[in-house]
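Quick note: the coordinates plus some simple rules give every number you see, no bench work behind them. Predicted model, so just to flag it, every value in this text is computed and none were measured. Glycine also receives a Cβ, built like all others from the backbone with ideal geometry; neighbour counts cover every protein chain displayed.
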Amino acid sequence: MSDIAYKKALTQYLEGFVSERRLGRLKEVLEERTNHITLVLEDVYQTHNFSAVLRSADIFGIQTTNFIENRNKYKISEDVSMGSTQWLTLNRFQHHPNNTVACLTDLKAKGYKIVATSLHKNSVTLKDLDISKPTAVVFGTELTGISKDVEDMADEFVKLPMYGFTESFNISVCAALVMYELRQKLQNEVPNYQLNSSEKEEIYIEWLKSSIRKHDLIIKEFDAKYAQNS
């Protein structure tokens, strides 16, 4: 049997271990997930910032976050993230000679426009940002912001208006504000921003696994039965 048939059979099998109420919630949330906007965190080092950004990403329905780990490693505080990591797709770039270049090159190859959060002289406001094309938003490290590599590879720069003496937002606050604004723009300006059917299928299976205790043993049992009937 084909891989498509296997995934369909596995999905139906796993659904049998999840309540109807839970299944309804999974499908409801899945319908509003998007990869039209993706996040990039470059060398963020404070655990609570990592975790707070992911919690906001889940809330705003942004499915995928990319971690660039040149100097600082990805660490999550479950007390802050509130379990959001199990519902998100997390890509880590950590084994390349230059993880920043590797990440942004990969995103560009997938059709993403690279937008960096920066007080660059050519920055635009979120209101004026064109997101008709899939957009990857890059947030830099806490102390120094985006790297020179990001600045060189970015297609556009975006800034948040500030009216006080302090020159920058905390990264988790900045990310939340950006996600809120972009979520509104998605719904108002971008038709079909949701996940495609293939993405939904893959993510739904992962969410079913996250909803089932000892799912690895259940899948092992399924695979044995599936092999006998194939």
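Taking amide H positions as modeled 1.01 Å from N, with prolines and chain starts lacking one, the residues under 5 Å from THR38 and 5 or more places away or on another chain are THR135, ALA136, VAL137.
When both bridge partners sit in the chain, DSSP labels roughly 10% of those beta bridges antiparallel. Working from label points 7 Å from Cα in the Cα-to-Cβ sense, the GLU206 to GLN228 distance is 3.2 nm.
Build a GNM of the chain with springs between Cα atoms under 10 Å apart, and of ASP216, ASP106, ASP43 the one that fluctuates most is ASP216. Here LYS133 and LEU23 are evaluated by their C-beta separation; at R0 = 41 Å the FRET efficiency comes out at 0.75. Of the chymotrypsin sites (Phe, Trp or Tyr not before Pro) found in segment 111-184, those in coil by DSSP whose Cβ has at most 16 other Cβ atoms within 10 Å are TYR163, PHE165, PHE169. Each Cα pair under 8 Å and six or more residues apart adds its sequence gap; the mean of these over the residue count of segment 33-212 is a relative contact order of 27 percent. Applying a DSSP loop filter and a limit of 15 other Cβ atoms within 10 Å to the trypsin sites (Lys or Arg not before Pro) in segment 2-86 leaves ARG71, LYS73, LYS75. Here LYS133 is the anchor, and the lysines within straight C-alpha reach of less than 25 Å, apart from those fewer than 8 places off in the same chain, are LYS108, LYS110, LYS113, LYS121, LYS148, LYS159, LYS185, LYS200. Return the loop-located GluC sites (Glu not before Pro) in segment 157-230 (DSSP other than H, G, I, E, B) with at most 10 other Cβ atoms within 10 Å of their own Cβ; answer none if there are none. Filter output for segment 157-230: GLU167. Placing R0 at 22 angstrom, the Cβ-Cβ distance between ASP216 and THR11 gives a FRET efficiency of 0.85 after rounding to 0.05.
The calculated FRET efficiency for THR166 paired with LYS75, based on their beta-carbon distance and R0 = 25 Å, is about 0.45.
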